[in-house]
Amino acid sequence: MSGIVNEDEERGFKASLRRHLRNPPMRTVVLVLIIAMAIPSAIIYPTVSNVVQENWGEVQQARERHFVNVTAASWIYPFLRRQAERMQQADVPGEWRSVSFINGPCFADNLEQLPGAKYAYAIETACVKLHEIQFKYAADCAQTSTCNIPDEAIFELQVVLDRLKVAFSDANLVRPVTDDKGQIRD
């Protein structure tokens with residue numbers, strides 16, 4: 001009788017491994033599942049990430065409107081002015097990041113269509129500065145519930161607006177807006 005041993009009484013590594021494999025604890029099951037998912041993911045990830053990086057620019061351009069017009073200077077200035085004012089008053093991230101200053105009206109192909117001289121330079125410079133400001137202070141407007149735009153960002157946006165206003169002051173693109181008393185408003 002001494003030759004028959006109960007499996008629960010067996011001691012040693014093989015016996016404990018056998019018991020462990022017959023009735024594995026939850027952490028072992030989770031570990032096996034994670035490893036089983038990690039191996040294919042590690043194999044597929046480089047290919048997928050390269051494809052995503054290659055196509056991301058195309059997706060962003062497709063999302064933005066492409067403005068193609070030789071008289072673009074007449075409407076890009078008010079558009080940029082409105083977007084900068086919106087960013088100054090941003091309460092939610094959608095107002096801060098509502099437009100891309102790389103694509104859309106600031107898309108390189110659209111900027112090439114602008115007539116030369118100070119208007120084109122002012123618009124190109126404003127697009128670059130607005131893009132820099134947008135990403136420099138993006139962390140301040142990252143929460144979905146609120147934007148805490150610092151005063152420095154509002155000041156930098158105002159500098160861009162002032163430079164655009166000076167560049168387009170003699171363009172006579174639109175009549176100035178007046179109030180009820182006929183006074184010109186800014």
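Residues considered: A142, A153. Of these, the only one that is under 12 Å from W96 (Cα atoms), modelled with pLDDT under 85 and in the same structural domain as G104 (by TED's automatic domain parsing) is A142. From the list R185, R175, the one residue that fits, being modelled with pLDDT under 80, loosely packed, with under 11 Cβ neighbours inside 10 Å and in contact with an Asp or Glu (Cβ under 7 Å, 6 or more places away or on another chain), is R185.
The values are calculated or read from the model by the stated rules, or taken from the named source; none is laboratory data. Everything numeric in this text was worked out from a predicted model, so none of it was measured. Cβ sites come from the backbone with ideal geometry, for glycine too, and all protein chains shown count toward neighbours.
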